[in-house]
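**Q** One structure, pasted below without further comment.
The values are calculated or read from the model by the stated rules, or taken from the named source; none is laboratory data. Being a predicted model, the structure only gives us computed values, none of them experimental. For neighbour counting, all protein chains shown are included, and Cβ atoms are generated from backbone atoms with ideal geometry for every residue, glycine included. These area figures cover heavy atoms from the full protein model, side chains too; ligands, DNA and RNA do not enter into them. Shrake-Rupley method; radii C 1.70, N 1.55, O 1.52, S 1.80 Å.
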Amino acid sequence: MSEQSTSMVLLSIDMKKYRIRIHKATLHQLGDPLYIQLLVNPVSSVVALKSVTRSSSKDQTHKVPKKKLESSNSIEIYSKSFIDKLIELVPDLKDGNCYRMTGSIVPSEKMAVFSFKTLRILDGGDDICQ
């Protein structure tokens, strides 16, 4: 995983709604993928979004709804299992809170990588996790 870009990308995590919000700009920097995979590497303490061309029954693949992106600045993925895995790896995460992670694009891998070290709690109401 070399050749990281300097553009910062964002990922929001809503613990209350088990929601991951991926911003349109992040998807655009990944080449406007048809599908993405959410990956967690507990050894290097990172979350990654990988651009893929098709769905796979063996992997956690999510379709990127193009119509949704025409009217919104982000897509949302609801995944209790993904949030549970994050809590297992980062026990300081609290139910009901929203967090944001910053990361960078790895163009050669068509992947956005977010370190657990960048997790920041967002203060405010339900609207803040955007």
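**Q** Taking the condition of being among the hydrophobic types (A, V, I, L, M, F, W, C), assigned to a helix (DSSP H, G or I) and at pLDDT 85 or above, how many residues in region 110-130 meet it?
**A** Within region 110-130, residues that are among the hydrophobic types (A, V, I, L, M, F, W, C), assigned to a helix (DSSP H, G or I) and at pLDDT 85 or above number 1.
**Q** Would you pick out the residues in region 70-86 that are loosely packed, with under 14 Cβ neighbours inside 10 Å, of a type outside the set (D, E, K, R) and not in a loop (DSSP other than H, G, I, E, B)?
**A** The answer is Ser71, Tyr78, Ser81.
**Q** Which of (1) among the hydroxyl-bearing types (Ser, Thr, Tyr); (2) under 16 Å from Met111 (Cβ atoms); (3) out of contact with any helix residue (DSSP H, G or I) (no Cβ under 7 Å at 6 or more places or on another chain) is the odd one out, the single condition Ser45 does not satisfy?
**A** The single condition Ser45 does not satisfy is (3).
**Q** Scanning region 87-109 for residues that are assigned to a loop (DSSP other than H, G, I, E, B) and either modelled with pLDDT of 90 or more or of a type in the set (A, V, I, L, M, F, W, C) (or both), which turns out farthest from Lys17 (Cα to Cα)?
**A** Result: Val90.
**Q** Only residues in region 1-14 that are under 13 Å from Asn73 (Cα atoms) and modelled with pLDDT of 75 or more count as the first member; pair them with residues that are open to solvent by less than 10 Å² (accessible area, probe 1.4 Å) and assigned to a loop (DSSP other than H, G, I, E, B), Cβ under 7 angstrom, at least 6 apart or cross-chain, and list the lot.
**A** Ser12/Cys129
**Q** Looking at region 34-69, which of its residues are open to solvent by less than 50 Å² (accessible area, probe 1.4 Å), over 18 Å from Gly103 (Cα atoms) and part of a loop (DSSP other than H, G, I, E, B)?
**A** The answer is Ser56, Val64.
**Q** Go through (1) assigned to a helix (DSSP H, G or I); (2) modelled with pLDDT under 90 for Leu27 and report which single condition fails.
**A** Failed condition: (2).
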